Amino acid sequence: MPDALDATPYDALLLLSFGGPEGPDDVVPFLENVTRGRGIPKERLKEVGQHYFLFGGVSPINDQNRALLDALRKDFAEHGLDLPIYWGNRNWAPYLTDTLREMVADGHRRVLVLATSAYASYSGCRQYRENLAESLAVLEAEGLELPRIDKLRHYFNHPGFLEPMVDGVLESLAELAEDVRDGAHIAFSTHSIPTASADTSGPVEGHGEGGAYVAQHLEVSRLIADAVRERTGVDHPWQLVYQSRSGAPHIPWLEPDICDHLEERHASGAPAVVIAPIGFVSDHMEVLYDLDTEAKDKARELGLPMRRSATVGDDPRFAAAIRDLVLERAAVERGQEVTPCALGALGADHNVCPIGCCPARAAKPAAAGVDSPYA
């Protein structure tokens, strides 16, 4: 079809990510950005920053975003999709506000946003939308013509996101010794969040124990485990586990923690474990430290064979999935009938976040939703 690669009405794509320090001197200022408004002393931030200092004060996330940008631009160019791609971060350069200002100066007025978070949650969706609203407010105060901003739907169950992770688990299983391989347990890992945030993730009608956050991760875990069974003939036991807890001890967060889980698997006689970080788009600091450092050390201490599978990163299939999502959303905006691409029982997620979706404790304006002040 002649309009198969038509991104109209959109004239630009914005990759929106978390950001990270790119040198030792950046670590504390970066953490000050992340924790702004919480009153955390600088000395405490220096302690927290030790994770980064172990890796030379450099987070891998910015280079990983650059690689994803290259993969997206390559895929778009090869398939004739003429859509410029920009990059902005919440907490470090290139800052979101600066990038939006650049996009406005370049004449862009309909912007589609790709967030580097595949699932519903306050920190993984609405907080990005709040950051967009804050940046638009700055541009409005400067007298600039504001672009209309929409956000791509959650892509947790898109085959282009799932298939690279399936391959990663299969490769990790193949690395295990033959005598432990078939009995290996798969631990699907994601970022722990407060249970109160999980319970209110997703649209209001789905709020409840774990909300959309847990439901979506369980669905991805099941889909990958099913694919592994179909390809190997082995039904590996699996469980959804959590990592990277950072909250006060008295506040309930999602459990079990990955290291506690490894102890439980060892005690139950599991011969080996494959950790699959399904909650993350790339091998950023929380993957490198919490899994490749802490969890690896725990497995070694237990004498438990462990492998960690790859995240999707800049896999060409993921880049193709983003192209598919862009074209899908553009067709919807043009009023065309679309069959969204999504695997599993949950189906394609909503395109526009409804009121009450992933609420924060303190209400703030958020762009790219039904209640956006910048519709």
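Annotations
- Excluding same-chain neighbours fewer than eight residues apart, the lysines reachable from Lys298 by a Cα-Cα span under 29 Å are Lys46.
- Counting Cα-Cα pairs of segment 315-375 in 10 Å increments starting at 0 gives whole-percent bin shares of 18, 37, 34, 11.
- Separation of alpha-carbon centers, segment 319-355 and segment 113-156, rounded to whole Å: 17 Å
- Relative contact order (%) - the chain, alpha-carbon pairs under 8 angstrom, separation at least six: 24 percent
- 5 angstrom amide H check on Ser189, placed H, neighbours 5+ away: Val241, Ala276, Ile278, Gly279
- Gaussian network model of the chain, Cα within-10 Å springs - most flexible of Asn351, Asn33, Asn89: Asn33
- Cα-based equivalent ellipsoid, the chain: semi-axes from gyration tensor eigenvalues, Å: 33, 25, 20
- The distance between label points at His250 and Arg73 comes to 5.1 nm (points 7 Å beyond Cα on the Cα→Cβ vector).
- Set of aspartates and glutamates with alpha-carbon distance to Lys296 below 16 Å, sequence-local pairs under 8 removed: Glu175, Asp257, Asp260, Glu263, Glu264, Asp283, Glu286
- When only the Cβ of Lys, Arg, Asp and Glu is charged (+1, +1, -1, -1), the dipole of the chain relative to its Cα centre reaches about 680 debye.
- Descending Cα extents along the principal axes, segment 270-375, whole Å: 57, 36, 25
- Segment 104-171 - percent relative contact order, Cα under 8 Å, separation 6 or more: 45 percent
- Dipole of segment 4-47 [Lys/Arg +1, Asp/Glu -1 at C-beta], most positive-end residue of Gly23, Pro9, Pro41: Pro41
- In sequence order, calculated HN-Hα J values of segment 344-352 (Karplus, 6.51, -1.76, 1.60; Hz; x Gly/Pro): x, 7, 7, x, 6, 6, 5, 7, 10
- Considering segment 2-140 at the alpha-carbon level, its Rg and Dmax are found to be 16.8, 59 Å.
- Put simply, the amide H of Asn89, placed in the peptide plane, has neighbours under 5 Å in Ser17, Tyr95, Leu96, leaving out anything fewer than 5 places away on its chain.
- 16 Å Cα-Cα reach of Lys151 towards aspartates and glutamates, excluding residues that sit fewer than 8 places from it in its own chain: Asp11, Glu130, Glu134, Asp324, Glu328, Glu333, Asp349, Asp371
- Gain in span if fully extended, Gln336 to Ala177, counting 0.36 nm per residue against the direct Cα distance: 52.1 nm
- Span-rule helices in the chain, defined as complete DSSP H runs reaching 18 Å or more along the axis (Cα) with Kyte mean at least -1.0: 61-78, 127-141, 159-175, 211-232, 316-333
- What the Cα convex hull of segment 269-309 gives, in volume per residue, is 59 Å³.
- Model label zone, Glu142; criterion: amide N under 14 Å from point 7 Å along Cα-to-beta-carbon; scope segment 99-114: 99-108
- GNM result for the chain, Cα springs below 10 Å: residue of Ser309, Ser221, Ser268 fluctuating most strongly: Ser268
- Each 5 Å bin from 0 upward holds the following percent of the Cα-Cα pairs of segment 234-302: 3, 14, 26, 24, 19, 10, 2, 0, 0.
- All-pairs alpha carbon distance profile, segment 59-133, 5 Å steps from 0, percent: 3, 13, 22, 24, 24, 11, 3, 0
- Estimated inter-spin distance, Leu54 and Arg38, nm [label 7 Å along Cα→Cβ]: 1.9 nm
- Of the residues Phe55, Phe18, Phe188, the one that moves most in a GNM of the chain with alpha-carbon contacts below 10 Å is Phe55.
- Per residue, segment 261-325 exposes an accessible area of 37 Å² to a 1.4 Å probe, with every protein chain left in place.
- Paramagnetic reach from Ala267 in segment 232-259 [backbone N under 18 Å; point 7 Å along Cα→Cβ]: 239-242, 255-259
The values are calculated or read from the model by the stated rules, or taken from the named source; none is laboratory data. Note that the coordinates shown come from a computational prediction; the quantities given were computed from them, not determined experimentally. Ideal geometry is used to build each Cβ from the backbone, glycine not excepted, and the neighbour counts take in all protein chains shown. The area values use the complete protein model at the heavy-atom level, side chains included, leaving out ligands, DNA and RNA. Shrake-Rupley method; radii C 1.70, N 1.55, O 1.52, S 1.80 Å.
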